[in-house]
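These notes concern the structure reproduced below.
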Amino acid sequence: KVARDRLADPGDLSAKTDILSNFIVSLREQGRLSKDLNAPVEPETMALLRDVVLSFIAAGRDTTSSTLSFLFYLLAVHQDEQERVAKEVREQLGNRAHPPTVDEFAHGFELLDATVNETLRLFPPVSSDGKTSAEDDVLPDGTFVPAGTRINFEIYCIGRDRDTYGPDADKFRPDRWLGPNKVTPTPFELPTFQPGPRQCLGKDLALFEVKLLAAQLLRRFRFALARPVCDPPYCPGI
């Protein structure tokens with residue numbers, strides 16, 4: 001219904017900034033979708049638009065909630081880090097009522113940003129992913145990959161690699177993302193949101209949602225564990 005309503009919109013969709021409108025404009029430019037609002041839509045095209053909407057609703061919901069759960073768990077365990085982040089949030093926002101904006105997150109809240117990055121490194125919402133080669137290829141180390149080969153990469157393990165993050169790679173330390181010696185992994189070295197042209201379309205939205213809710217809660221509440229500290233079981237999947 002969301003896709004059909006947007007297809008029937010007589011306004012200028014190119015002036016809109018949402019991802020569904022952008023997809024519709026692109027399909028019309030490619031000739032895969034008629035500009036005539038009354039023209040029938042091919043089932044394959046409607047399925048594509050439906051999947052776009054579902055990706056944002058389903059994928060963004062579960063992965064974001066998983067990240068927030070581990071974020072507040074880690075801050076509840078590490079009370080000193082929680083107080084540091086809360087102090088930063090209070091200093092940035094003061095007593096104002098309205099929440100921080102996208103632009104403010106882009107130019108401030110360095111410790112909150114580092115804390116979210118550290119959470120995603122230790123507990124990525126998607127722990128394992130993979131690709132299938134469309135044709136014969138050769139990896140950078142010379143390994144031959146025949147067409148149709150499925151290759152998995154373990155994001156959970158990559159984020160805890162001691163060669164990259166040091167001997168304390170399994171510890172929660174947001175400061176590793178700050179200062180002159182901070183870690184700066186590329187999306188290929190830490191593919192939490194996938195690297196390259198197929199990077200997660202909802203990455204910026206998901207990070208904004210996590211930081212927004214964290215900031216709004218940390219400025220008002222303190223978090224503590226109801227039970228003694230334990231290592232939470234981590235199961236692949238959402």
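The values are calculated or read from the model by the stated rules, or taken from the named source; none is laboratory data. A quick note: this is a predicted structure, and the numbers were derived from the prediction, not measured. Note that we place each Cβ from the backbone using ideal geometry, even for glycine, and neighbour counts take in every protein chain shown. Note: accessible area is taken over every heavy atom of the protein model, side chains too, but ligands, DNA and RNA are not part of it. Shrake-Rupley method; radii C 1.70, N 1.55, O 1.52, S 1.80 Å.
Descriptive notes on the structure:
- Note on Glu29 and Tyr156: the extension gain reaches 41.7 nm, defined as 0.36 nm multiplied by sequence separation minus the Cα-Cα distance.
- Once the Cβ-Cβ distance of Ser14 and Glu110 is raised to the sixth power relative to R0 = 22 Å, the FRET efficiency obtained is 0.05.
- Most to least packed among 161-173, 141-153 [average Cβ atoms within 10 Å]: 161-173, 141-153
- Fully extending the segment from Glu135 to Asp231, taken as 0.36 nm per residue of separation minus the present Cα-Cα distance, adds 30.4 nm.
- Within the accessible area of the stretch 101-238 (1.4 Å probe), percent carbon and sulfur: 56
- Positive-end residue, the chain charge dipole about Cα centroid, Cβ charges, pick of Leu225, Val138, Thr184: Leu225
- Per residue, the chain exposes 61 Å² of solvent-accessible protein surface, assessed with a 1.4 angstrom probe and all protein chains in place.
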